[in-house]
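Notes follow the structure.
Only the coordinates and a few stated rules stand behind these numbers; no lab work does. Quantities reported herein were computed from a predicted structural model and do not represent experimental measurements. Cβ sites come from the backbone with ideal geometry, for glycine too, and all protein chains shown count toward neighbours.
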Amino acid sequence: MTALTILLVLLLLLVVFGLLFRLQILTSIFSGTFTKDIGMSNSVNAILMLVFLFGGGGWFAYSFVENFSKMNPPIASVHGHQMERMFWTTMTVIGVAFAITQALLFIYAYKYQHKEGRRAYFFAHNNKIEVIWTIIPAIVMAALIFAGWKAWTRITGPAPKNSVVVEVMGKQFNWLVRYPGRDMKLGVVNYRMIDAVNEWGFDLSDKSSLDDFTTNEIHVPKGVPVLIKIRSRDVLHAVYMPQFRVQMYAVPGMPTRFWFTPTTTTDEMRARLGNPKFNYELACNQVCGGSHFAMKATIVVDEPDDYQHWYAAQQSFAQKNPEVLAAFKQKAQPLVSQAAVSAEAKEAAPVPLAASY
Amino acid sequence: MAAKPNLSPGVQTQGGIGTGPVPATEHGEHLHHDDHEHHDQHWLWKYVFSQDHKQIAKQFLITGMLWAILGGTLSSLFRLQLGWPEGTMEWLKPFLGGWIEAGKLNPEFYLALVTMHGTIMVFFVLTAGLSGTFSNFLIPLQVGARDMASGFMNMLSYWFFFLSSVIMFSSLFIETGPAAAGWTIYPPLSALPQAISGSGAGMTLWLVSMALFIVSQLLGGVNYVTTVINLRTRGMSMSKLPLTIWAFFLTAILGILSFPVLFSAALLLIFDRSFGTSFFLSDIYIAGKALSNQGGSPVLFQHLFWFLGHPEVYIVIMPAMGMVSEVLATNARKPIFGYRAMIGSLIGISLLSFVVWAHHMFVTGMNPFLGSVFMFLTLIIAVPSGVKVFNWLATLWRGNIRFTAAMLFAIGFVSLFISGGLTGIILGNATLDIQMHNTYFVVAHFHLVMGSAAFFGLFAGVYHWFPKMFGRMMDEKLGYIHFWLTFAGVYLVFMPMHYVGIAGFPRRYYAWTGFDAFSQFADMNKFISIAAIITFLGQFVFIFNFFYSIYRGRRATQNPWNSTTLEWTTPIEPGHGNWPGEIPAVYRWPYDYSKPGAEEDFIPQNVPYSQTQSSNLPYEQEMAD
């Protein structure tokens, strides 16, 4: 019924519109403007160009300033501050280019509107001007490329030796988190060993996996480089932590990584924002299925001491799930020697946490 | 009886290019014969399975318009969800059926809407509808050819597109829903029906449809390139081609070189989905089962996809650039500034477009060194794009501008291209892309620069060449209303989207309400949704104007815009073969507007220098003598 009403209303609107249109044509035929080549409408459009430039430009400037505070997520990492500076510098550069070119476009459109008896200036080319406006953007681009390249190599370069290691694994539709435990080595995981309990697919026949522990939240210490190792066990996901300016895909079959140094603890950020409920959030940023939009995790930035205490208090996966461990012990052959050892096992062992203090 | 033209391209082109005038009697006799044949032509061959490039162009245009209405409708649906995440959609149940559950849009169907909106707009509207329409319509008319090099292949091109359209459309109605993995169909999501229901039959249909679409593009592209190279009329050297033709020509080359790579990606994905191969799949545990696939790489798919996907955005925008250049020059009554620089920058953009694809992949786990290389190559593309913008501005400078609807859309195109293009400088910077990747900043960027701008190019083209297509004029006043509504609307939709993106809102999110970080722009999203839906409804002004004017529009004159190019030397409604007599020869470049000393403010390309003694430049005078 509602659908029918909607359709009827639309139909009615169409009819009214058609009648008005017909009326407009008839009046223009009688007033003689119907066949006129260039009439009033030309100057009306020219004026509208100016109106659009100033009205639109004014609206844009106003809404930009108005929303400016909302569009800057708080920054809590070292490289995040550098990126922020680069972002707004680039925005300023393109803002200048934007203002100049748009202003010229609309002002020229207004100024050079058709006038009876005037003739356009026959100006087909000028190599000097062409060269100038090729070289100037090229120089600006070169500067931006250089700055971007330097920052990019630093950010994506190898993590410092003293980095804290945490691994996250994306799955439909939540994030699994694990830490290397006391031995500071992430144990072997194997996707064939995944089941409802062993969500990571821990291969407990590998000694270094015995003390690995899993958590729901990601805890990281302030002021220490954090290396996030990233996996996916089903489809593509992406680790996106807007406040840390971190983003990296989680790719099934290909572990990825990203490192950053948090600068503000969760408590400090809560105090600064005056929002006691504030949390750093990890969002999935590569479409992964129906509940993609709800796939999040919380990151807690602790003072290094608190972090140490928290870390020490965790129980390992093997301790929490003795039946899984028992099942591994029953099997005579260590599964780790079988075919599907993940690429991770071949990598150098992660650097100990202790080295950072 | 009026002499109607000869059908077979071989014979005609001889008349046009090589041998000069054919003796009148022989010509006439021959033509008469063809004329007779034509009257007997069944309507099915004349209007449906037509081999005439103008008819095929109209078929592409109208199919593209239908697709655009559908694509716009889908976007309105998901904008409703984004603007009012808490609101009820019960009233849409009659249309969407089971996809509305307890008054809420199904989140998987939301992704299907987004996916189909992207697929439809990028491929079916802006590739087939824009390039297909105007390459077909304008190439033979503007280079001075009777028809495409192969009319039959051209017909096949449309019908493959049609078949592809039917399959894609039918996928909307199947039980598991259409493809829902995003228009980029990244595996494993697109490969595994367990991951999302749209990756079942919907994805199969998507891939089949796309394979047929690629066939259509290749058949069209080969034809466009061949026609431009071989069938130019006498005197029409490459350096006398209108910029439209240069743009279509380079677009077709891009398509021929890049679409086969998408085809290979689609084929490998079909293998992975149906035949148990592991090109893109590895180490997957899903729906309670570990899959046996080992050693594939999802990143490989992304390389293959974007090797087409990036040139694709230039396939979309370059025809618009060409048409806008033409419309700006015509209506500013001025030569396009820097004709050669315009061609050079088109060539530069075309070349660069092949070596920038991985800027879509900075944070996908690709080697960071590759990221630096692609950042470098990507940002270079700003230089030829800048040259184009400056040249358009210089074309307006000291012009004598006539604001036709087409001219308004051309100016709008330049404005949108600037606004959207500049933010590309941010996204092309790998460092900044870490934060901006897959946020609404990206959505705003490409909707302005290749979505809206290409649409504006399309509108400029339709308003400008409508008289040539249908022999009637579109209503100018409705054109003005359409333009100002759309122009303001597009900015109101996409400018605020940048703010949302800078704040880090991820794209393809059904709702942001679950995140503290993304909750601050609820009002802004409502605003964007309202603006988007009004702008979409505004397009019906155009649709009305278009169909009304086909039948009731003011009758066109032969050259309503006082333009210089060859299509305006044909009869008001050109028949099959385009020119009733001999194809005119070309003597000059296409932009002799407001030439000092000339009587009129335009000199068509087919006027020899010997007839324009008063306005010839010194070197032209030499040619005249």
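Observations
- Neighbourhood net charge (13 Å Cβ-Cβ; Lys/Arg +1, Asp/Glu -1) for B:Ala57: 0
- Taking chain B and dividing mean pair separation by its residue count, relative contact order in percent (alpha carbons under 8 Å, at least six apart): 16
- Rg/Rh for region A:164-356 stands at 0.97; both radii use Cα atoms, and Rh follows the Kirkwood definition.
- Neighbour net charge for B:Ser353 - beta-carbon separation under 14 angstrom, K R +1, D E -1: 0
- Within chain B, the proportion of Cα pairs with more than 41 Å between them is 26 percent.
- Along the axis of the charge dipole computed for chain B (Cβ charges of +1 for Lys and Arg, -1 for Asp and Glu, origin at the Cα centre), the listed residues B:Pro467, B:Trp512, B:Leu267 are led at the positive end by B:Trp512.
- Dividing the mean sequence gap of close Cα pairs (under 8 Å, 6+ apart) by how many residues region A:164-356 holds gives a relative contact order of 28 percent.
- Choice from A:Ile155, A:Ile135, A:Ile145 showing the highest fluctuation, given a GNM over chain A with Cα pairs closer than 10 Å: A:Ile135
- Quotient of C-alpha Rg and 2.2 N^0.38 Å, computed over region A:133-260: 1.31
- Violating pairs (Cα-Cα greater than 25 angstrom) within the set B:Lys54/B:Lys388; B:Lys54/B:Lys477; B:Lys54/B:Lys240; A:Lys171/A:Lys329: B:Lys54/B:Lys388; B:Lys54/B:Lys477; A:Lys171/A:Lys329
- Base-10 log of normalised Debye intensity for the protein assembly as shown (one unit scatterer per alpha-carbon) at q = 0.05, 0.10 Å⁻¹: -0.33, -1.19
- Excluding same-chain neighbours fewer than eight residues apart, the lysines reachable from A:Lys185 by a Cα-Cα span under 20 Å are A:Lys161, A:Lys207, A:Lys229, A:Lys320, A:Lys346.
- 3J(HN,Hα) along region B:121-138, derived from phi through the Karplus expression 6.51 cos²θ - 1.76 cosθ + 1.60 where θ = phi - 60°, amounts to 5, 5, 8, 7, 8, 7, 8, 6, x, 8, 5, x, 5, 7, 4, 5, 6, 8 Hz, with x in place of Gly and Pro.
- Amide H contacts under 5 Å for B:Ile286, placed H, 5+ residues apart: B:Leu291
- Percentage of interatomic Cα-Cα distances in chain A larger than 28 Å: 63
- Reachable lysines, given that their alpha-carbon falls under 18 Å from the alpha-carbon of A:Lys70 and they are not under 8 places away in the same chain: A:Lys277, B:Lys526
- Neighbourhood net charge (12 Å Cβ-Cβ; Lys/Arg +1, Asp/Glu -1) for B:Gln142: +1
- Check: region A:74-134 dipole with +1 on Lys, Arg Cβ and -1 on Asp, Glu Cβ, in debye: 340
- Sequence-ordered 3J(HN,Hα) estimates for region B:94-104 from the Karplus curve with 6.51, -1.76 and 1.60 and θ = phi - 60° stand at x, 8, 9, x, x, 6, 9, 10, 6, x, 10 Hz, glycine and proline given as x.
- Label positions at B:Tyr619 and B:Val355, each projected 7 Å from the Cα along the C-beta direction, are separated by 3.0 nm.
- Taking the helices alone, chain B has a mean residue ellipticity at 222 nm of -19500 deg cm²/dmol, built from -39,500 (n - 2.57) per DSSP H run of at least 4 residues and averaged over all its residues.
- Between A:Val246 and A:Met241, the built amide H atoms are under 5 Å apart, and every one of these is 5 or more places off in sequence or on another chain.
- Along the axis of the charge dipole computed for the protein assembly as shown (Cβ charges of +1 for Lys and Arg, -1 for Asp and Glu, origin at the Cα centre), the listed residues A:Ala99, A:Phe173, B:Met153 are led at the positive end by A:Ala99.
- Here the Karplus relation 6.51 cos²θ - 1.76 cosθ + 1.60, evaluated at θ = phi - 60°, turns the backbone of region B:398-413 into coupling constants of 6, x, 9, 7, 10, 8, 6, 4, 4, 5, 4, 5, 5, 5, x, 4 Hz, with x for every Gly and Pro.
- Quarter of Cα convex hull surface for region B:511-552, i.e. mean projection, nm²: 3.3
- Amide H contacts under 5 Å for B:Phe602, placed H, 5+ residues apart: B:Ser594
- Each of A:Ile94, A:Ile136 was scored by other Cβ atoms within 10 Å of its Cβ. Listed from fewest to most, they are A:Ile136, A:Ile94.
- Base-10 log of normalised Debye intensity for region A:172-215 (one unit scatterer per alpha-carbon) at q = 0.19, 0.31 Å⁻¹: -0.53, -1.17
- Note on B:Ser157, A:Ser31: ascending count of other Cβ atoms within 10 Å places them as A:Ser31, B:Ser157, the fewest first.
- Summing Cβ point charges (Lys, Arg +1; Asp, Glu -1) relative to the Cα centre of chain A gives a dipole of roughly 1040 debye.
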